[in-house]
Amino acid sequence: MVGDIFCYLENVLDCVNHNIFLSKLKLYGITSNTRFLIQSYLEDRFQRAEAVSNVFHNTTTSHVGKISHGVPRGFILVPLIILIYISDLRKILSNISILVLLADGTIVIINNSNPLDFQTNSKEIFQHLNKWLSKLYYYYYYYYYYYYYYYYY
């Protein structure tokens, strides 16, 4: 039996915690100038929101706030940043599945000839994924989607 779990990580760019990401860079041996360059690109950024009403002909602007999460769009290294950020998922699931990491999601492949072991592994993987994704999306109220398919050979 082979089963696939497709996880789409909605708005994952907004969830990247700068401190966690920079720690992972250090863990993977990316130090000195390269790490400093990426750190300077991520840190000390600010944003504010502006809402324009065509009905009442007014504009409302929020206060300026410092950004501690998220990766600016258009940065050429965004896919690499996301892959590094979600790479620890491989350690969690590598013993019982095959993991394919993508920039905006992941595919988990489960393979087991014993139906009971297959079901047990599937449940365990779902529990690990749910726990990991809830940490990833802790500060945000976005949803993530699972699509689960069984294939019988």
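The values are calculated or read from the model by the stated rules, or taken from the named source; none is laboratory data. Computed from a predicted structure; not experimentally measured. Ideal geometry is used to build each Cβ from the backbone, glycine not excepted, and the neighbour counts take in all protein chains shown. The protein model used for the area step is the full one, side chains on, heavy atoms only, and it has no ligands, DNA or RNA in it. Shrake-Rupley method; radii C 1.70, N 1.55, O 1.52, S 1.80 Å.
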> For the chain, what is the relative contact order in percent, using Cα pairs closer than 8 Å and at least 6 residues apart in sequence?
Replying inline: 43 percent
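How high is the FRET efficiency between Asp117 and Leu27 when r is their beta carbon distance and R₀ equals 25 Å, given to the nearest 0.05?
Working: r = 33 Å, r/R0 = 1.31.
Efficiency, rounded to the nearest 0.05: 0.15.
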> By how many degrees, between 0 and 90 and to the nearest 10, does the Cα long axis of helix 115-136 differ from the longest principal axis of the chain?
Replying inline: 10 degrees
>> So if I take the alpha carbon set of the range 1-51, get Rg, then get Rh from the Kirkwood formula, what is the Rg over Rh ratio?
In response: 1.17
> What is the magnitude of the charge dipole of the range 41-92 about its Cα centre, with +1 placed on the Cβ of each Lys and Arg, -1 on the Cβ of each Asp and Glu, and no other charges, expressed in debye to the nearest 20?
Replying inline: 140 debye
>> If the only charges are +1 at each Lys and Arg Cβ and -1 at each Asp and Glu Cβ, what is the size of the charge dipole of the chain around the Cα centre, to the nearest 20 debye?
In response: 400 debye
>> Run the helix sum for the chain: -39,500 (n - 2.57) per DSSP H stretch of 4+ residues, divided by residue count, reported at 222 nm to the nearest 500 deg cm²/dmol.
In response: -11500 deg cm²/dmol
> Label points 7 Å out from Cα along the Cβ direction at Arg73 and Phe126: separation in nm?
Replying inline: 3.4 nm
> So between Asn19 and Ile98, what do we pick up on full extension, going 0.36 nm a residue minus the alpha carbon distance?
Replying inline: 25.6 nm
> What whole-number value in cubic angstrom gives the convex hull volume per residue for the C-alpha atoms of the chain?
Replying inline: 146 Å³
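In Å², and per residue, what accessible area does the chain have when probed at 1.4 Å with the other protein chains present?
Normalised by residue count, the accessible surface of the chain is 66 Å².
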> How much of the accessible area of the chain, probe 1.4 Å, is carbon plus sulfur, in whole percent?
Replying inline: 56 percent
> Which aspartates and glutamates have a Cα less than 14 Å from the Cα of Lys123, not counting those fewer than 8 places away in the same chain?
Replying inline: Asp4
>> Rounding to the nearest 10 and keeping the result within 0 to 90°, find how far the Cα-based axis of helix 18-27 lies from the longest principal axis of the chain.
In response: 50 degrees
>> As I understand it, the value is the acute angle between the Cα axis of helix 32-42 and the longest principal axis of the Cα atoms of the chain; what does it come to in degrees, rounded to 10?
In response: 70 degrees
>> Tell me the accessible surface of Lys131 in square angstrom (1.4 angstrom probe, heavy atoms of protein chains only), to the nearest ten.
In response: 130 Å²
